[in-house]
Structures are given as C-alpha cells and as structure tokens.
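Working notes for the structure below.
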Amino acid sequence: MLIRRGSDHIPSSEITPEAVYLNRRKFIGRLGAGAAAIAAGVPLGSQAHAASQSRGQSDELTPYEAITNYNNFYEFGTDKEDPARHAGNFTGHPWSVDVNGHVSKAATYDLPDLLSSFTPEERVYRLRCVEAWSMVIPWQGIPLRDVINYLEPTSSAKYVAFQTLHDPEQMRGQRARVLDWPYVEGLRMDEAMHPLTLLAVGIYERPLLGQNGPPIRLVVPWKYGFKSVKSIVRISFVEEEPPTTWNIMAPQEYGFYANVNPEVDHPRWSQARERRVGELRPRPTPMFNGYGDQVASLYSGMDLTRYY
Amino acid sequence: MAGVLALVPLANIGWDAATGGLGVEPVEALVRRTGWWALTLLVVTLAVTPVRRVTGWNRLIQIRRPVGVISFVYALSHFVIYVAIKQWFALSFIIEDILERPFITAGFITLCLLTPLAATSTRKSIRRLGGKKWRRLHWLIYPAALLGVLHYFWLVKADTRPPLVYAAIVIALLMMRLDLPAPFARKAARSDSAEPAPSRS
C-alpha cells in the first residue's frame, strides 16, 4: 500500500491528522493487533523514555510539517529549506536498486518488485542529527535484516555499503562538488542485521516526499542522522569497512560508527544536549540516542572515543 | 537615511517571523539571520571609504558610523539569542564553547572587538578621544571583520563558498586600504580628510 504509483497528489483531506493518528495507534495498541510491530517500534517505551519522562520531557511526534521542511539532504542544497524547495518533482519512481558483492541474489531489482514480498511496519524513532537537533518520526518501513536475509549474503560479507542516486539533472545540489558525490554510507553486518535498523518507505503513512529520501532510505535510530542514507540505488555486501561520505569529507569530525554519544563532542560543538525541533529549551542527549538497551552490546569492549 | 537602513534587516526578520518565513526552527533562523546581517553590515561599513574614493561621492561617509553601529546591534543580538535560547543560559556550556570551539572563540572575539567601537561611536566620543586616537582605535574593525569571516568559515560544514566570498571581499577591501595603515596616523589623517572630524570642530 505504501508504494503507490502515480499518487503524487494526495488531497489534504486524505492525510491523517496527527491527533487521529495518535488515537489510532493507541486503539491498535489496545486491540493488541500488530502488537509485535508496535512493540518492536517502541523504543520510545524504553528506559531512555522513562528517563526523559522523569525529567518532565516527552517524546511527542514531530509534526509532518517540520519533518518535511527542515532537512539535511545536500543533494538538493545545503540550506535546511532547500530540499523542500527543490525536491518537489523527485518522487523516486521508477526506481531500481543494484545489489552486488558477496551475496547470492546479486541483481538489479525493480524496487516495487523487491519490496512486494515484505510488509511495511510502523516504527516511531527519535532522530538525532549530528548538528544537535532532533525529531521524533513515525516511519513505515521494512527491517533491513528481512531484506538482507532474503538477499542471502555469503559469509564473506562483513559490511553493507549503500549508495545514493547520483543525478545532477534531478538533484541540483550535486552540480557543485560540496560533497564527494555520490553519497555513500555503510554499516557493519551486525548493525545492519539489528532489528531496529529500518529501510523506510514512508512517514506518517505517506510515501516519502522528495526531501526525505524517496523511494527508500535507511534509518538507524541510534546513530547520527547522516548515517541514514537516502534514495538508495545500490546495496553492496563487502568484506572491508566501506568509505562513508562525511568521513571522507572531515575524518576528524565524522567517524564510520557515528553512534549518538553525549560524551564525545563534535570538535566544533557539544553533543551533550540537543534541541527537539519545535521546542525552545535544549534537552540532554541520551547515550545511543536512548537505544542503549538494545544496541550497547554491539560495541562492548570498543573504545567509543576512538571509534566515534 | 541610516535610520531607514537600520530598519531593513529588522523589517526582513520581523516580516518572516510574522509570516512563518523563519521556518520550523525559528531560533536557528534568528541566530543565522542576525549573524548574517551583522557580518554583511560590517563589510558595508568597510566598503564605504573605498567606494567613496572610487566614486567621489563624499556624502557616503555619513552612513559609515551608523551602519557600523547597526552591525554591532545585530552582532549583539546574535550573541544574546545564542546565550539565552540556544544555550538556555547554561554558563558551563557557554564558557566551554568560547574556550574550546574555535568558531565560537572567533565570533566572541569579534564581538569583543566591536564593543569599544560601538561605545565610542558618538560625536561626543570622537571629540573626547580626538580624531587621531579615535581612528587608531577604530582600525580594530579590520581584525574584527577578518575574525567575523573566520567565524562564518569555521562553522560551515561543507559548502564553504559563501564564507569564501565574504573573505575575498574583506581581503580586497583591506588591500585597497593598505596604502594607509591607520595606526600610523600621519598618512591616515591626510587621506581621511573627508571624515567628519569633530575633534577639530
């Protein structure tokens, strides 16, 4: 349902108002229907949430308006408003994804075909940008591990690398060499296989708009936003740690891991606090963006000051 | 005229604040807008004398001090918004920023350099200091502008083109005035004769 062809113009009457949306979630929760999906997507019910509640801070959903008008998507320009301004015609279909490397089912897939065997799930995640602002976003997507299991990587696959579309015709930001295009990102295999890691196709039950990285993007909620690569055209299963764009750009500022960590400051600003978009007062940033219970074990024994 | 000039950025920001033009993160937008106006007006202040010299339009000198003062007002609001809203008066974070983050250090020093210039911008101060001393003090606008540009350059994540444009303009303006390094006031006094010199009035 989420991949709709020719559905660029959805009348505003069809967009679920937030209040209704939230009530519906509660309703579904009470019914127990889809409880598994919601439970998986309830990082907001985790310890970090309890902690923020005790400080009198809540994790309310960020309005759709904000999620779609305040974006870092340098492919469409470096100002926060540029993607909303310039990505209007970028819908992401038709779309194909090239799967290659150490994987049994290497092929170029038509995206709707590839996704047809999966059912999108609902996940409400905090998004923490490396620039110290944050949002809470209701995503619809497919756990990356389901797709990886389907593609059957071989035992040589130690990392998964992702690449964003490179098309300066459509993506005007790519006409200047602000970053080393195309945008590339990567995860260690255990990070990619983690149940929280999502391939998102929608927000607020609408297909991703141009500024949010359609038709398919990564969401890794315990890492800074730049790891969540948008508009993916290539997925490669590789043996070595793949290069990542911001790390190439400024290795002393952006590491491969990029786990949200209030203890390790960005060289140019503190990471101890963040401002939730729409709020005035900064709030403390929790370790691993509040998902430590689920993900801290991935990094046990690692010096996170060194592997930032 | 200067009064009208002062209202342009305020009207621009006020209009956008009223119509939602500051976007979904108005605090960030305010910090950026005030910083942009402060730096832009600082560059305009620097440009007055070279432009006057090239065009021979001497009356232009009248806007120099007012524009400089307005630039300072925006720099100060930029700082106040950062302290009050961005940092929520968290002194330890502010001090850490100023001491440890070079771009904030540069911005803070810029503001410190501009403060005595704004404080001595009245005719009365010029008279009290005397034109020579006053001009020597106000030569500080050059390091202030350079540090202001550096502040901008260091805060940018990837697209360094806009701060580089500012850097090019400031350096060009500086080069145009290298023939009269103001601290050595003998030459400066001669070339700056069109400057209102209340010390002699």
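Remarks
- Residue selected from segment B:106-133 under the condition hydrophobic (A, V, I, L, M, F, W, C) and over 17 Å from the mean Cα position of the chain (by Cα), by the criterion surrounded by the fewest Cβ atoms within 10 Å (Cβ to Cβ): B:Leu129
- Yes/no for B:Ile94 being surrounded by 16 or more Cβ atoms within 10 Å (Cβ to Cβ), among the aliphatic types (A, V, I, L, M) and farther than 19 Å from B:Trp154 by Cβ: no
- Count - residues of segment A:257-276 that are without any contact (Cβ under 8 Å) to a residue 60 or more places away in the chain and either among the small types (Gly, Ala, Ser) or closer than 15 Å to A:Phe288 by Cβ (or both): 7
- Subset of segment A:281-308 that is of a type in the set (A, V, I, L, M, F, W, C) and assigned to a loop (DSSP other than H, G, I, E, B) - its residue that is farthest from B:Phe93 (Cα to Cα): A:Met302
- Evaluated against (1) within 14 Å of another protein chain (Cβ to nearest Cβ); (2) closer than 30 Å to A:Ser155 by Cβ; (3) surrounded by fewer than 22 Cβ atoms within 10 Å (Cβ to Cβ), A:Arg268 falls short on exactly one condition, (2).
- For A:Gly278, the test of being small (Gly, Ala, Ser), within 14 Å of chain B (Cβ to nearest Cβ) and either in a loop (DSSP other than H, G, I, E, B) or in contact with a helix residue (DSSP H, G or I) (Cβ under 6 Å, 6 or more places away or on another chain) (or both) is passed.
- Residue among B:Gly68, B:Gly56 that is surrounded by 17 or more Cβ atoms within 10 Å (Cβ to Cβ) and under 30 Å from B:Met175 (Cα atoms): B:Gly68
- Members of segment B:1-53 that are in contact with a Gly (Cβ under 7 Å, 6 or more places away or on another chain), within 14 Å of chain A (Cβ to nearest Cβ) and in a helix (DSSP H, G or I): B:Ala29
- Out of B:Ala119, B:Ala84, B:Ala106, sole residue that is out of contact with any Phe, Trp or Tyr (no Cβ under 6 Å at 6 or more places or on another chain) and closer than 18 Å to B:Leu147 by Cβ: B:Ala106
- Every listed requirement among (1) of a type in the set (Lys, Arg); (2) more than 18 Å from B:Val8 (Cβ to Cβ); (3) buried (at least 17 other Cβ atoms within 10 Å of the Cβ) is met by B:Arg33 save one, (2).
- Within segment B:44-81, being basic (Lys, Arg) and over 21 Å from B:Leu146 (Cα atoms) holds for B:Arg52, B:Arg53, B:Arg59.
- Taken as a whole, the condition of being within 14 Å of chain B (Cβ to nearest Cβ) and either more than 26 Å from A:Thr154 (Cα to Cα) or crowded, with 20+ Cβ neighbours inside 10 Å (or both) does not apply to A:Trp222.
- The numbered conditions (1) buried (at least 18 other Cβ atoms within 10 Å of the Cβ); (2) assigned to a helix (DSSP H, G or I); (3) at pLDDT 95 or above are all true for A:Thr62 except (2).
Residue by residue, here is whether (1) assigned to a helix (DSSP H, G or I); (2) under 17 Å from B:Trp37 (Cα atoms); (3) out of contact with any Pro (no Cβ under 6 Å at 6 or more places or on another chain) holds:
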{"site": "B:Phe108", "(1), (2), (3)": "yes, yes, yes"}
{"site": "B:Leu117", "(1), (2), (3)": "yes, no, yes"}
{"site": "B:Lys124", "(1), (2), (3)": "yes, no, yes"}
{"site": "B:Arg127", "(1), (2), (3)": "yes, no, no"}
{"site": "B:Arg136", "(1), (2), (3)": "yes, no, no"}
{"site": "B:Leu150", "(1), (2), (3)": "yes, yes, yes"}
{"site": "B:Phe153", "(1), (2), (3)": "yes, yes, no"}
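- Filter result (in a loop (DSSP other than H, G, I, E, B) and either within 23 Å of A:Arg145 (Cβ to Cβ) or in contact (Cβ under 8 Å) with a residue 12 or more places away in the chain (or both)) within segment A:235-256: A:Glu239, A:Glu240, A:Glu241, A:Pro242, A:Pro243, A:Thr244, A:Gln252, A:Glu253, A:Tyr254, A:Gly255, A:Phe256
- Residues satisfying the stated conditions in segment B:134-157, i.e. within 14 Å of chain A (Cβ to nearest Cβ), among the aliphatic types (A, V, I, L, M) and surrounded by fewer than 18 Cβ atoms within 10 Å (Cβ to Cβ): B:Val156
The values are calculated or read from the model by the stated rules, or taken from the named source; none is laboratory data. None of these values were measured; they are calculated from a predicted model. FYI the Cβ positions are ideal-geometry reconstructions off the backbone, even for glycines, and counts take in every protein chain you see.
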